[in-house]
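Colleague: The following block contains the structure, expressed as structure tokens.
The values are calculated or read from the model by the stated rules, or taken from the named source; none is laboratory data. Owing to the predicted nature of the structure, the values given are computational and were not obtained by experimental measurement. Backbone-built Cβ (ideal geometry, glycine too); neighbour counts: all protein chains shown. Surface areas here come from the heavy atoms of the whole protein model, side chains and all, with no ligands, DNA or RNA. Shrake-Rupley method; radii C 1.70, N 1.55, O 1.52, S 1.80 Å.
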Amino acid sequence: PDKRIFDFTLQRIKSHRERCIMIVDSLDSDIKGARNARLDHIYYNYENIKHQENPMHEIKCLSELRKLL
């Protein structure tokens, strides 16, 4: 979860952290990467896995995105 890849991507898409949100499906690498890059993130927990992480937001179905965005 090296923040440089996120910095590179933001630069390539010509956007800023404050205007982006990352949708992740991996508790280990994706959430750590989003946190390291200081990006807002949503954990897409489609398998309803029990965990001890504390993502910014968590959804189980993509239709739930409408409520958050």
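Colleague: With the requirement that a residue be touching a Lys or Arg at 6+ places or on another chain (Cβ under 8 Å) and closer than 14 Å to residue 30 by Cβ, what does the range 45-58 give you?
Modeller: If the condition is that a residue be touching a Lys or Arg at 6+ places or on another chain (Cβ under 8 Å) and closer than 14 Å to residue 30 by Cβ, then 45, 46 are the ones that fit.
Colleague: If you don't mind, there's one more thing I want to ask. For residues that are part of a helix (DSSP H, G or I), β-branched (Val, Ile, Thr) and open to solvent by 70 Å² or more (accessible area, probe 1.4 Å), tally how many sit in the range 1-43.
Modeller: 1
Colleague: Working only within the range 17-31, note down all residues that are among the charged types (D, E, K, R) and farther than 14 Å from residue 3 by Cα.
Modeller: 18, 19, 25, 28
Colleague: Mind checking which residues of the range 44-67 are of a type in the set (D, E, K, R) and touching a helix residue (DSSP H, G or I) at 6+ places or on another chain (Cβ under 8 Å)?
Modeller: 53, the sole residue that qualifies.
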